[in-house]
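What follows is a short report on a single structure.
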Protein chains: 2
Amino acid sequence: MAATPIPVNAIVKRSYAAFEQYRNTTLAGRAAFLERIAVELEAIAVVLVETAAAETHLADARLRGELQRTQWQLYSYGQACAEGSWLDIRIDRPLEQPQGAPVEPSWKVSERKQDLRKMLVPLGPVVVFGASNFPFAYSTAGGDTACALAAGCPVIVKAHPAHAATSRLVAAAVERAAVACGLPANVFLHVEGGLEEGQALVLHPLTRAVGFTGSLEGGRALFDLAQQRPEPIPVFAEMGSVNPVFLLPEYTKQNASALAKQYVQSITASAGQFCTNPGLLIGVESPELQHFQKLLAHEMAAIPPAEMLHPGIATAFQHKRADALDVDGVEVAGTLSCPVGRNESIPTLATVSGEDFLCNPLLQEEVFGPYSLLVRCSDHAQVLEVARSLKGQLTTTLMATPGDLRSFAALQPLLRERCGRFVCNSVPTGVEVAPAMMHGGPYPATTDSRFTAVGADGIRRFARPLCYQNWDDDLMPPELQKDNPLGLLRMVNGEWTRAGF
Amino acid sequence: MAATPIPVNAIVKRSYAAFEQYRNTTLAGRAAFLERIAVELEAIAVVLVETAAAETHLADARLRGELQRTQWQLYSYGQACAEGSWLDIRIDRPLEQPQGAPVEPSWKVSERKQDLRKMLVPLGPVVVFGASNFPFAYSTAGGDTACALAAGCPVIVKAHPAHAATSRLVAAAVERAAVACGLPANVFLHVEGGLEEGQALVLHPLTRAVGFTGSLEGGRALFDLAQQRPEPIPVFAEMGSVNPVFLLPEYTKQNASALAKQYVQSITASAGQFCTNPGLLIGVESPELQHFQKLLAHEMAAIPPAEMLHPGIATAFQHKRADALDVDGVEVAGTLSCPVGRNESIPTLATVSGEDFLCNPLLQEEVFGPYSLLVRCSDHAQVLEVARSLKGQLTTTLMATPGDLRSFAALQPLLRERCGRFVCNSVPTGVEVAPAMMHGGPYPATTDSRFTAVGADGIRRFARPLCYQNWDDDLMPPELQKDNPLGLLRMVNGEWTRAGF
């Protein structure tokens, strides 16, 4: 029996109708809604973790942690929404012409006759495509959904088929929260379907933005579709990266053993299924680097295989790993010798010379899973050449002593230029949820380096400025009123203040 | 003799090399540079206005005013650059685990182990395409250039052929300012050429963003080109709009004569060659509206023809005007009866019923010049229907008494949703340069409703967040250092402060 076709048109229309109410919800009302979603998730935490574990093969403890992170996102983005500085409020009042002698030069002043008051307003219905590797934090009620709801946008989630049951449970929790907060139920809609439904959602004229977390292929396809619409819309697609880590000589020499233990963990945790997984390690050929390679290879070979998220991910891992290992000059340094199951990962450390790396752009492609490639550069100059060859990344990392940093001074600007987050003496995995986090970066890490997927600044992806000119005070939203009834931080006549005027 | 081909590749490479120095310029250094450009423009103000007048046929007084506006933009964006709040600085310090009883629920806190410090950094070389209708303010050293330079990006201006001599003079002034400030000369590059050079600039891999002001056709073509690159880049194209003005019944009745005088001025100033020109007036059919129409038609017929910016603009005006007047039901209400010159404008008020307007999407297209279409709606419901049919706009305007606003309450959200600036009882022309200005709006007014072309917030079009994780304080830029040596407003551990930590 054929499945009932998903009525995409009706769904987006319902979402837009909800938008017409939801955009008027107060900041405090949105914060309460987001907190309530966290409460509803807590109420079903046990079944959520159980269901997600069965669907994703991720460990219970990891899933419990991820759920808590998701709740923190909802709660903290809601608090940031209510705090209101994200609204970028600017108010310019008509200015009296200055009395007395004119200012010189005259272009250092400007006539101001209009009453101008500007704040961010929501874009409209946002379609969210969740990631398979984070069934909670980057999925149904994950970061994109939390940001869009905080911005005042209704959300349509296209459920990830790899954790459909989990997604359904989360969606029901969000819907209960909407009802409990007296919001229109259609402020959140949950769509199951395939490629065709996803494309129809992106192409619908009332869809106003898209959030996506996943592969480069998937993200780019949706981006292209959205940009080719008669009315293009913003797509924020976070598409992962290889997160290069530069192991500088002195640091590697002094910390070989600790470094190997730190990185085997970062490369293989959750079967390496993180978009900030360090897929590329770069060092200068030396006995010390060889020693480190041996230690890390040894650690990697001791990691048992793990069932991956779903058969598609496992197959892609096996193919991409095989393709990478097939490249001229690439050798396996450390991997399992035991047989692995059909959908299991094979933790692998490969290695290649800097010269061969530079000749083979394929080696810059992400092998999503517990895999990392150690690039052995012939010298300092080749390290810089490798850095220059790198595409856009979510993160770049330097493992370096103060002396290393001085001798590789030219490396820093090259790496900063190519990433959203620049890490020193730590691992790129472990994306903390805080205002200062940047989870984004130059293409192909994301489709727009000007925004972040993590942290409350991600709300701005889904909002636009609107300026009220010459409106009576009581006809404007409270955020812009004279008395500043919400006590927001605003820029008034160029000065920051919480006072009225 | 064939012109020497423009070496686009060499130019963008030089720009990128300049970027590697210029991005390190201090905020104060950028402000000094922008101010110096204003000073250099002042030194050649007379010849600039003379040259621009000859090239554009705009009046001297208007051009002098536009030059002053351009200088104010440079100066005030420079001041905003130095003030630094646009950097969106967020700092999150590692947190001690709270002592004593754990917080309940546990998801209301988050572990924070990392030192995270985030600020905006420049994107890289920005290609600017200036507008023909603002030879100073939206051209060579106009708003896009000022914003990009403030962000720390070098600029490559593709000169507008309609005011090439003016553009050359301005470019030389910018170059003198760069030398005077000890900046690399290539921080600003000026390219003359045609379509092919423009496309090559947008497609060059080292080009990182595009600013454009002009027609929908031109802006969309560059946008498409940039989005189809292997690495898509942001394009902010401001493409004009018809700026609908709703003339509500009571207001029209009470102010018919003043309204006609106010609007004839807004429609015809500078031969109507403004992107905020009110090209659409909407009212409810009534004797009062007919009276207003007569008054405005009378005023329009008294406006002499004026030479337009260039033959291309004049031809486009004549064709688009003729196409609009050809639409079923459209009638001329007021226009010139005298003969006009080949490149001259023909001030025109046309009129159409709401019903015919709704059937003909062509009537929503901008007729760039002194032209406006008065839409006579049959009733209140049809006014709302017209509002719902409108595409994205730079501005929408309501001319209304308090009583009108109450009886047309449903109109306001429809108009807010469709514009970047929402005006009450004023004219949309006259875009003040102030932080609260929004010059942008939903497509097709611009290609990204989340940004503005006017006001210092426009700097953000050309910058992206970069997060430093776990770096020693002295290895980070002063903006992010512990002691806050620049005294910037920063969000530290979620609190706004100018204090260090």
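The values are calculated or read from the model by the stated rules, or taken from the named source; none is laboratory data. In this text, all values refer to a predicted model and were calculated from it rather than measured experimentally. Cβ: placed from backbone, ideal geometry, glycine included. Neighbour counts: every protein chain shown.
Of the set (1) at pLDDT 95 or above; (2) more than 26 Å from B:Asp60 (Cα to Cα); (3) outside the structural domain of B:Leu281 (by TED's automatic domain parsing), all apply to B:Ala164 but (2).
Taking each residue of the range B:235-259 that is outside the structural domain of B:Cys147 (by TED's automatic domain parsing) and more than 30 Å from B:Ser139 (Cβ to Cβ) and looking for partners that are assigned to a helix (DSSP H, G or I) and charged (D, E, K, R) with beta-carbon atoms closer than 6 Å, six or more apart or interchain, yields B:Leu248/B:Asp404; B:Glu250/B:Asp404; B:Tyr251/B:Asp404; B:Thr252/B:Glu288; B:Lys253/B:Glu288. Just one of the numbered conditions (1) outside the structural domain of B:Ala180 (by TED's automatic domain parsing); (2) at pLDDT 95 or above is not true of B:Met1: (2). Is one or more of the residues making up the range B:403-414 modelled with pLDDT of 95 or more and over 29 Å from A:Gly124 (Cβ atoms)? Looking for residues that are modelled with pLDDT of 95 or more and over 29 Å from A:Gly124 (Cβ atoms), one finds at least one in the range B:403-414, hence yes. Determine whether B:Ser106 is of a type in the set (S, T, N, Q) and more than 40 Å from the chain's Cα centre (by Cα). It is true that B:Ser106 is of a type in the set (S, T, N, Q) and more than 40 Å from the chain's Cα centre (by Cα).
Restricting B:Ser345, B:Ser372 to those that are at negative phi, small (Gly, Ala, Ser) and modelled with pLDDT under 95 reduces the list to B:Ser345. Screening A:Glu175 on (1) crowded, with 20+ Cβ neighbours inside 10 Å; (2) under 30 Å from A:Phe33 (Cβ atoms) shows it passes everything except condition (1).
When the residues of the range A:253-272 are filtered to those that are surrounded by 24 or more Cβ atoms within 10 Å (Cβ to Cβ) and in contact with a Leu (Cβ under 9 Å, 6 or more places away or on another chain), the one that is farthest from A:Ile313 (Cα to Cα) is A:Tyr263. Only a single criterion out of (1) surrounded by fewer than 16 Cβ atoms within 10 Å (Cβ to Cβ); (2) more than 10 Å from every other protein chain (Cβ to nearest Cβ) is not satisfied by B:Asn493, namely (2). Scan the range B:84-99 for residues that are among the acidic types (Asp, Glu) and either within 8 Å of chain A (Cβ to nearest Cβ) or in contact with a strand residue (DSSP E or B) (Cβ under 7 Å, 6 or more places away or on another chain) (or both) and jot them down. Within the range B:84-99, B:Asp88, B:Asp92 meet the criteria.
Residue check: B:Val433 meets all listed conditions (1) over 26 Å from B:Glu217 (Cα atoms); (2) surrounded by fewer than 20 Cβ atoms within 10 Å (Cβ to Cβ) but one, namely (2).
Restricting attention to the range B:342-397, which residues are hydroxyl-bearing (Ser, Thr, Tyr) and under 24 Å from B:His291 (Cα atoms)? Residues satisfying the conditions are B:Thr348, B:Thr351, B:Ser353, B:Tyr371, B:Ser372, B:Ser378, B:Thr396, B:Thr397. B:Val47 satisfies every condition listed in (1) modelled with pLDDT under 95; (2) closer than 30 Å to B:Asn186 by Cβ; (3) surrounded by fewer than 20 Cβ atoms within 10 Å (Cβ to Cβ) except (1).
Taking the range A:100-149 as the range and being within 14 Å of another protein chain (Cβ to nearest Cβ), touching a residue at least 12 places away in the same chain (Cβ under 8 Å) and outside any loop (DSSP other than H, G, I, E, B) as the test, the residues that pass are A:Leu116, A:Arg117, A:Lys118, A:Met119, A:Leu120, A:Val121, A:Pro122, A:Val126, A:Gly143, A:Ala146, A:Cys147, A:Ala148. Of the candidates A:Leu41, A:Leu95, the single residue that is surrounded by 17 or more Cβ atoms within 10 Å (Cβ to Cβ) and not acidic (Asp, Glu) is A:Leu41.
Against the list (1) surrounded by fewer than 19 Cβ atoms within 10 Å (Cβ to Cβ); (2) within 9 Å of chain A (Cβ to nearest Cβ), the condition B:Phe501 fails is (2). Candidates in the range A:18-31 are the residues that are of a type in the set (A, V, I, L, M, F, W, C) and crowded, with 18+ Cβ neighbours inside 10 Å; of these, the one that is farthest from A:Ser139 (Cα to Cα) is A:Leu27. Residues that are among the hydrophobic types (A, V, I, L, M, F, W, C) and assigned to a helix (DSSP H, G or I) were ranked within the range A:461-475; the one that is farthest from the other protein chains (Cβ to nearest Cβ) is A:Phe462. Among strands (runs of 3 or more DSSP E) entirely within the range B:346-453, having at least 3 residues that are away from every other protein chain (no Cβ under 13 Å) singles out B:348-353, B:371-377. Only one of the listed residues (B:Ala53, B:Ala59) is in contact with an Asp or Glu (Cβ under 6 Å, 6 or more places away or on another chain) and farther than 25 Å from B:Asn470 by Cβ. That residue is B:Ala53. Against the conditions (1) aliphatic (A, V, I, L, M); (2) free of Cβ contacts under 8 Å to residues at least 40 places away in the same chain; (3) in contact with a helix residue (DSSP H, G or I) (Cβ under 9 Å, 6 or more places away or on another chain), where does A:Leu189 fall short? Just the number, please. Exception for A:Leu189: condition (2).
Taking the criterion of being in contact (Cβ under 8 Å) with a residue 40 or more places away in the chain, within 14 Å of chain B (Cβ to nearest Cβ) and surrounded by 20 or more Cβ atoms within 10 Å (Cβ to Cβ), the residues of the range A:213-232 that qualify are A:Gly219, A:Leu222, A:Phe223. So, of the residues in the range A:465-490 that are in contact with a helix residue (DSSP H, G or I) (Cβ under 9 Å, 6 or more places away or on another chain) and of a type in the set (A, V, I, L, M, F, W, C), which turns out to be surrounded by the fewest Cβ atoms within 10 Å (Cβ to Cβ)? The selected residue is A:Leu475. Scanning the range A:284-314 for residues that are in contact (Cβ under 8 Å) with a residue 60 or more places away in the chain, charged (D, E, K, R) and not in a loop (DSSP other than H, G, I, E, B) turns up just one, A:Glu307.
When the range B:133-166 is limited to residues that are in contact with a strand residue (DSSP E or B) (Cβ under 9 Å, 6 or more places away or on another chain) and of a type in the set (S, T, N, Q), the one that is nearest to B:Glu83 (Cα to Cα) turns out to be B:Thr145. Identify the residue in the range B:413-430 that is touching a residue at least 60 places away in the same chain (Cβ under 8 Å) and surrounded by fewer than 23 Cβ atoms within 10 Å (Cβ to Cβ) and, among all such residues, is farthest from the chain's Cα centre (by Cα). For the range B:413-430, the residue satisfying everything is B:Asn425.
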